[in-house]
Amino acid sequence: MNTFEQNLEKLEKLTNDIKRSDISLEDALKDFEEGIKLAAGMEKELDKIEGKIQILMNEPVPMEKDNPPQMELFDGADELTGTAGAPQAGTRQ
């Protein structure tokens, strides 16, 4: 199976061949059909890669020594209940 880069090179070659002035109509059509099939396969491959990237981008970052959890959100929390208590009079939360 060819790599994406090899398929791209082949597609570029087919495109250049079609643009030649000395190519027959039959050969140009053959190259065009091959290019369409190749481009469709490459598009599917790109869709798969994009899906994997989206999954990776949405995964939480693993905790490490140099990446501790951010706890500022819970600074005022009561250790027993985990809440910050009742709101002050006249304020909304």
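For LYS44, the lysines whose Cα falls under 19 Å of its own Cα, not counting residues fewer than eight places away in the same chain, are LYS10, LYS52.
Other residues with beta-carbon under 15 Å from the beta-carbon of ILE23 carry, at +1 per Lys or Arg and -1 per Asp or Glu, a net charge of -3. Gain on full extension, evaluated as 0.36 nm per residue between LYS10 and ILE53 minus their Cα-Cα distance, stands at 12.9 nm. If you take all other residues with their beta carbon under 12 Å from the beta carbon of GLU45, and give Lys and Arg +1 and Asp and Glu -1, the sum is -1. Residues with beta-carbon under 14 Å from that of GLU5, excluding GLU5: net charge, scoring Lys, Arg +1 and Asp, Glu -1? Net local charge, GLU5 excluded: -1.
Spin-label model, THR3 to GLU34: label points 7 Å out along the Cα-to-beta-carbon direction sit 2.1 nm apart.
All of the numbers you see were taken from the coordinates with simple rules; none came from a lab. Model, not experiment: these values are computed from the prediction. Note that we place each Cβ from the backbone using ideal geometry, even for glycine, and neighbour counts take in every protein chain shown.
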